[in-house]
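Have a look at the structure below, then the notes.
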Amino acid sequence: MGIFSRFTDIINSNINNLLDKAEDPAKMVRLIIQEMEDTLVEVRSSSAKTLADKKELSRQVNRLEKDAQQWQEKAVLALSKDREDLARAALMEKKKSSESAQALLDELTHADEHIRKLQDEITQLQDKLSDAKARQKAIVIREKSASSRLKVKENIHSTRVNDALNRFDHYERKVDDIEAEVDSYDLGGKSLADEIAELETDEMVDDELAQLKAKMKSKKK
């Protein structure tokens, strides 16, 4: 299983747990980043171990190739002494060393391929981690803003606000009633200023009436 398929399983599992618990998005993002960082550490550790194994394999190949070369020299020596039997035996040992070296070389090829894939996956994971961290702040800001707006909306539409507004209307009506009651006391009553103004008006009317009578009387003569 590749590290990304495994990583996806881990993330999906944790996301499902968070959704079941109705956790907030900011906490979910932090968890995803933490999982990515942990996976990156694990993959780097695996890569380091593979590199160490490769070095050990290389040492073994060098030793086996050196052994094969030494058995070759021993076969030549045996033939120079007319010991064909020893030369044959030496060549057999050379063959074993060469075959073992070749088997380890095949393992080295697989190790190199594995290391290359690990390095590619590490690079991809680092890129995704950098992108996640860059987006984390924006997601947190959006989540806080959305949560604040949600609280405002909930308050606006809550029964408590409606009840408060209803009580406000009730008290406003009570004030209207009190003001109307105050105004009712003024109906039919005259202030001192009003009475004096009426006297002044009556006097002006009386003067004008007298002038009119005198004018009509003079015409009759």
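Laboratory data are not the source of any read-out in this text; all were calculated from the coordinates shown. Model, not experiment: these values are computed from the prediction. Every residue, glycine as well, gets a Cβ built from its backbone with ideal geometry; the counts of neighbours run over all protein chains shown.
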**Study point:** Zone residues, region 102-135, relative to Q72, backbone N less than 20 Å from point 7 Å out along Cα-to-Cβ
**Key:** 102-106
Review point. In this model, which of K94/K117; K55/K94; K49/K128; K55/K96; K49/K94; K49/K74 are farther than 29 Å apart at the alpha-carbon?
Key: K94/K117; K49/K94; K49/K74
Exercise for review: Rounded to whole Hz and in sequence order, give me ³J(HN,Hα) for region 122-131 from the Karplus expression 6.51 cos²θ - 1.76 cosθ + 1.60, θ = phi - 60°, writing x for Gly and Pro.
Suggested key: 4, 4, 4, 5, 4, 5, 5, 5, 4, 5
Exercise for review: Could you list the residues of region 31-60 with an amide nitrogen less than 15 Å from a label point located 7 Å from the Cα of H114 in the Cα-to-C-beta direction?
Suggested key: 43-58
Revision key, fill the gap. Along region 200-216, Karplus-curve 3J(HN,Hα) (6.51, -1.76, 1.60; θ = phi - 60°) to the nearest Hz, with x for Gly and Pro, reads 4, 5, 4, 5, 5, 5, 4, 4, 5, 5, 5, 4, 5, 5, 5, 5, 5
Study note, to complete from the structure: Taking the alpha-carbon centre of each part, the distance from region 25-68 to region 94-153 in Å is 11 Å
